[in-house]
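To start, the structure itself, in structure tokens.
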Amino acid sequence: MQLEANNIYFRYTAKTPFILQDVSFSVREGERVGVVSPSGYGKTTFVKILAGHEQPTKGQVLLDGKPLAPKGALPVQLISQHPENAVNPRWKMQKVLEEAGQLRPEVLTAMGIEPEWLTRYPRELSGGELQRFCVARALCADTRFLIADEISTMLDAITQAQIWRYLLSEVDRRGIGLVVVTHNPALAGRICTRVVDLRDINHIEREQEKYMT
Amino acid sequence: MDKQLAIKTSGQMFSFNRRVKTVIISVILLGIIIGVFIAGFFIGDDAMSVDFSRKGLKPSWEYPFGTDWLGRNMLLRTVKGLSISIMVGTIASAVSAVLATIIGVAAAIGNRWVDNVIVWLIDLMMGVPHLVLLILISFACGRGLTGLLTGIAVTHWTSLARLVRAEVLQIRSQQYITISRRLGKSLGWILLHHILPHVLPQFVVGLVLLFPHAILHESSLSFLGYGLPPEQPAIGIILAESMKYLTGGMWWLAFFPGITLVLIVILFDKLGENLKMLLDPYSAHE
């Protein structure tokens, strides 16, 4: 299986400049690709398009040569930087997890999720605890590609290591393709089989943009 | 573990925090309102019985609210009137709140033009003076109970609908809704599990806070002669009738029914405020 982005253009409205221009990118099953670039170069926007959370202005995202299905469970799942926005604040954590399908106890233990957290509301958990739930949820049965958008930036070193260790073992075991967005070159070097700098694939006219905004 | 749990629950049962107090007060308020409503049902036609031997009596222990120019017991008539008002208010505000929720949700998840039409309609309804619209609609619907209920129900949904629309728009743009879509959930499922539970508190509080409006408008319409028929002892009718006798010094005919109406309205208002406090997610665990 292959996830590819072909000549993606993106801007919010017809009056604002392009944020992404002619971006092409692809990731194969079992591959672990890092996406780096300084802040504000459109990393998050790009992976949102890749995961079908945003529609590109021009261009296509193809999964195995076919466009992403608008309905049904998508094999491409995104884990975001802000877990507190990614869960319904009125749901107990058990329901949050079950939204992605049946709960698997071995996932909970591997992710370090305490059983008693399941009966809590999101605001009664810390960011790191919530992020574990988001990772567990994204690893639902159908996932073939996982996109991790700075998922460990706000976590302490031990939690980071725990989450990544489990995530990598699961990704390896199931042959999931992984896209890692990060600011941390050490993390990218440690995890990824290949690193892409968005500045190299985003053919945006920086100078022009500077004057326009 | 069990011991810990036991301590936790017993602590919750015996310490009166703000939440428990609010619940108790709300139950008492609701009890009073339901009590008045049920009492009105048990008051039969004897409340309307005419007895000229006791006409025009001032308030006394025997007749706390006095009697009118036909010797009718004003306390019984007032309670009966309040009961009718509560019933009309319940039906009208329930219909109105359901209408508001449906319209609000439709505006927020529908097409752009659906939204535009609904927002325009809300502005239009809010722009026209309330009472004028009420009189027009209830008159057009044939006066009486049906006209009154229709009039109140179709004029009171606007502000709640606007609130629901804003709420749904805000929830719809949340990340967890997108994630839910990408996890393969249908729009209907998302509406039922994500959006409606979010709107429920607004619905309940809006419903209860619509009561006072509905009751007051019912009374004003009846007072003006566009509402309930004169043979029913609605508060509006009682007040309208009493106007003729006020100059004769029978102040209690207007004073007691008026003040109890205001009291019931305040009870509903307080109940609504309490519910708002209870259902607010940020104080849910206090």
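The values are calculated or read from the model by the stated rules, or taken from the named source; none is laboratory data. Everything quoted here is computed from the prediction, not taken from an experiment. Positions of Cβ are backbone-derived with ideal geometry, glycine not excepted, and every protein chain shown enters the neighbour counts. For accessibility, only protein heavy atoms count, side chains too; no ligands or nucleic acids. Shrake-Rupley method; radii C 1.70, N 1.55, O 1.52, S 1.80 Å.
Here are the numbers:
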quantity	calculated
Candidates A:Thr193, A:Thr13, A:Thr159: whichever shows maximal mean-square fluctuation once chain A is modelled as a Gaussian network with Cα springs under 10 Å	A:Thr13
Alpha-carbon centroids, the stretch B:70-119 and the stretch A:23-95: separation in whole Å	45
Dipole moment magnitude, nearest 20 debye, chain B about Cα centre, only Lys, Arg, Asp, Glu C-beta charged	780
Of the DSSP H helices in chain A, those whose Cα atoms cover at least 15 Å axially and whose Kyte score averages -1.0 or more	A:127-138, A:157-174
DSSP bridge orientation in the protein assembly as shown - percent antiparallel, rounded to nearest 5	45
Between the stretch B:199-218 and the stretch B:221-255, the Cα center-to-center distance that results, in Å	25
Under 19 Å from B:Lys276, Cα to Cα: lysines that are on another chain or at least 8 residues apart	B:Lys21
Reach of B:Lys80 by Cα under 23 Å, taken over lysines that are not fewer than 8 positions away in the same chain	B:Lys55, B:Lys58, B:Lys244, B:Lys270
Simple label model, 7 Å out from Cα along Cβ direction - A:Leu168 to B:Ser186, nm	4.2
Size of electric dipole in chain A: Cβ of Lys, Arg +1 and of Asp, Glu -1, about Cα centre, debye, nearest 20	280
For residues of A:86-98, the mean tally of beta carbons on other chains within 10 Å	3
Relative contact order (percent, whole number), chain B, Cα cutoff 8 Å, 6+ residue spacing	23
Extension gain from B:Met87 to B:Ile38, taking 0.36 nm per residue of separation minus the Cα-Cα distance	16.6 nm
Positive-end extreme of charge dipole, the protein assembly as shown - chosen from B:Thr90, B:Ile238, B:Leu263 (charges on Cβ)	B:Thr90
10 Å Cβ neighbours from other chains, averaged over peptide A:64-71	1
Under 17 Å from A:Lys71, Cα to Cα: lysines that are on another chain or at least 8 residues apart	A:Lys48, B:Lys185
Prolate/oblate/rounded label for the stretch B:145-286 (Cα gyration tensor, a/c 1.5)	prolate
Surface/4 of the Cα convex hull for chain A, nm²	12.1
Chymotrypsin sites (Phe, Trp or Tyr not before Pro) lying in DSSP loop within the stretch B:180-286, provided at most 15 other Cβ fall within 10 Å	B:Trp251
Gyration tensor verdict on chain B (Cα atoms; rounded if a/c is under 1.5, prolate if a/b is larger than b/c, oblate otherwise)	oblate
A:Gln81 versus A:Glu54: modelled label distance in nm, points set 7 Å from Cα along the beta carbon direction	1.2
Local electrostatic count, B:Lys55, Cβ distance below 15 Å [Lys/Arg +1, Asp/Glu -1]	+1
Tilt relative to chain B, helix B:252-279 - C-alpha long axis, 0 to 90 degrees, to 10	10
Gaussian network model of chain A, Cα within-10 Å springs - most flexible of A:Glu84, A:Glu116, A:Glu129	A:Glu116
Under the Karplus curve 6.51 cos²θ - 1.76 cosθ + 1.60, θ = phi - 60°, whole-Hz ³J(HN,Hα) for the stretch A:62-67, x wherever Gly or Pro sits	10, 10, 6, x, 10, x
Mean projected area in nm² (Cα convex hull; one quarter of hull surface) for the stretch A:98-213	9.8
Stokes-Einstein D for the protein assembly as shown, Kirkwood Rh over Cα pairs, 37 °C, 0.692 mPa s (µm²/s)	119
Distance between the stretch A:144-209 and the stretch B:257-281 - C-alpha centres, whole angstrom	54
Sum of -39500 (n - 2.57) over DSSP H runs of 4+, divided by residues of chain B (222 nm, nearest 500)	-24500 deg cm²/dmol
Between helix B:2-14 and chain B: long-axis angle, C-alpha atoms, 0 to 90°, nearest 10	30
Contact order relative to length of chain A, as percent, for alpha carbon pairs under 8 angstrom and 6 or more apart	32
Reference-scaled alpha-carbon Rg (2.2 N^0.38 Å with N residues) for the stretch B:43-185	1.61
Charge tally in the Cβ shell below 13 Å around A:Leu63, where Lys, Arg are +1 and Asp, Glu are -1, A:Leu63 excluded	0
B:Val50 paired with B:Leu30, simple spin-label distance in nm, labels 7 Å along Cα-to-beta-carbon	4.3
Accessible area in square angstrom per residue, the stretch A:1-153, 1.4 angstrom probe	43
Counting all C-alpha pairs of the stretch A:10-119, share separated by more than 26 Å (%)	35
Degrees, to the nearest 10: B:18-42 long Cα axis against longest axis of chain B	40
Sulfur and carbon atoms: percent of accessible area, chain B [1.4 Å]	70
Amide H contacts of A:Gln2 (H built 1.01 Å from N, under 5 Å, at least 5 apart or other chain)	A:Asp64
Two-site FRET efficiency, B:Leu131 against B:Arg18, from Cβ-Cβ distance with R₀ of 60 Å, rounded to 0.05	0.95
Built amide H within the under 5 Å cut-off of A:Gly34, gap 5+	A:Val180, A:Thr193, A:Arg194, A:Val195, A:Val196
Total accessible area lost when B and A pair, probe 1.4 Å, Å² to nearest 100	2100
Estimated 222 nm signal from helices in chain A, with DSSP H stretches of n ≥ 4 weighted -39500 (n - 2.57), rounded to 500	-9000 deg cm²/dmol
Solvent-accessible area, 1.4 Å probe, carbon plus sulfur percent, for the stretch A:45-156	50
Loop-located trypsin sites (Lys or Arg not before Pro) in the stretch A:15-96 whose Cβ has at most 12 other Cβ within 10 Å (DSSP)	A:Lys15, A:Lys71
